[in-house]
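Down below is the structure, laid out as structure tokens.
Where a number appears in this text, it was derived from the coordinates with a stated rule and is not lab data. Just so we're clear, the structure is a prediction, and the values are computed from it rather than from any experiment. Positions of Cβ are backbone-derived with ideal geometry, glycine not excepted, and every protein chain shown enters the neighbour counts.
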């Protein structure tokens, strides 16, 4: 049993017992809650507050410049948030610095307790001191007493990073391997859509995919149109994987890492993730994960995946859909392509758009 480094009346923070990566922490509710949408406002506000505080602590105390956040649901188990620090020296030794997602499980297994226990103990001691500091305890008390606005839906308007560019070429392909090499300074922004599986737009490589899509809302496929927007965030179908109900929460302002976001905005994203989970539940989706990977070299802005786990594909292929296993990425790859799933994506989008906007009016 891992040692507890923080505990209050609602949540518990511990080092992970599934990997020997120093600085890998889990957050769980004290109650036996399986699903994100069953967390109370206070529990979810504390989850989001502590996720960000752990991220801040990893940077300030240990110079961790790259992290991943993974909130997973598994029926019969307590919903758990995993904050994974990506140690650049280890990444450079074995992987790409901007870690390719299917290799995360291999990264987690690349550490051994025999060699990292001393470093784990150092991380735990200092993180425990920080999380139990008077400042953080005071913030937690304010959250619990309702002094903080937990959903923050009505914050002031954010500036939208809408960069103007001209698409030089549009190709339609069944598979990304069909694409030619892009000219220097350019790249193909690969998005589900068109009459095949992907529409590929040649544009400036300095853009993130999110910036590109916002700038070219009129050119992208209807399946990728925004289904929800407020002063700070946008929700739309994932542009790479044609999985019905797979939604991306992105911010209207560009943030390279989670700790660059304000606590209010970060919390707003997590509350939106819960709203999306509620909507997916009404469409028969029982299990979802909420993921975020920070990038080191690429221009990607902070965004959150809300990934539905379609049980029939998990059972049929005997998969264990967790960040600690490569199976989660196998699940993404084996799912039918856009030519097959487009009608269901559009059906989900229509219902989710109505659901999220009704939720907004009721708030």
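How do 218, 38 line up, fewest other C-beta atoms within 10 Å first?
If I rank by nearby Cβ atoms, fewest first, I get 218, 38.
Please give the FRET efficiency for residue 125 paired with residue 317, using the beta carbon to beta carbon distance and R0 = 25 Å, rounded to the nearest 0.05.
Values: r = 42 Å, r/R0 = 1.69.
It comes out at approximately 0.05.
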What the Cα atoms of the chain span along the principal axes, largest first and in whole Å, is 55, 50, 43
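Quote the relative contact order of the stretch 233-361 in percent (integer), defining contacts as alpha-carbon pairs under 8 Å separated by 6+ residues.
On the way: 160 pairs, mean separation 40.9, N = 129.
Normalised by residue count, the contact order of the stretch 233-361 is 32 percent.
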Going from the fewest other Cβ atoms within 10 Å to the most, one would list 355, 198, 123 as 355, 123, 198
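Just want to confirm a number: the relative contact order over the stretch 1-132, from Cα pairs under 8 angstrom separated by 6+ residues, in percent.
Details: 188 pairs, mean separation 41.5, N = 132.
Computed value for the stretch 1-132: 31 percent relative contact order.
With each run of n ≥ 4 DSSP H residues scored as -39500 (n - 2.57), what mean residue ellipticity at 222 nm is computed for the chain after dividing by its residue count and rounding to the nearest 500 deg cm²/dmol? If you can, show how the numbers build up before the last one.
Working: 10 runs with 131 residues, N = 363.
It comes out at -11500 deg cm²/dmol, rounded to the nearest 500.
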The simple spin-label model distance between residue 30 and residue 18, using points 7 Å out along Cα→Cβ, in nm, is 2.4
Length-normalised contact order of the chain, Cα under 8 Å, at least 6 apart, in percent, tallies to 18
Each label sits 7 Å from Cα toward the beta-carbon; between residue 88 and residue 56 the label points are separated, in nm, by 2.2
So the FRET efficiency between residue 169 and residue 226, C-beta based with R0 = 25 Å and rounded to 0.05, is 0.55
Cβ density ranking, 10 Å radius, fewest first, applied to 224, 179 yields 179, 224
So the FRET efficiency between residue 4 and residue 347, C-beta based with R0 = 30 Å and rounded to 0.05, is 0.10
Cα-based Rg then Dmax for the stretch 232-363, in Å, read 15.1, 42
Descending packing, highest mean Cβ count within 10 Å first, for 246-254, 9-17 is 246-254, 9-17
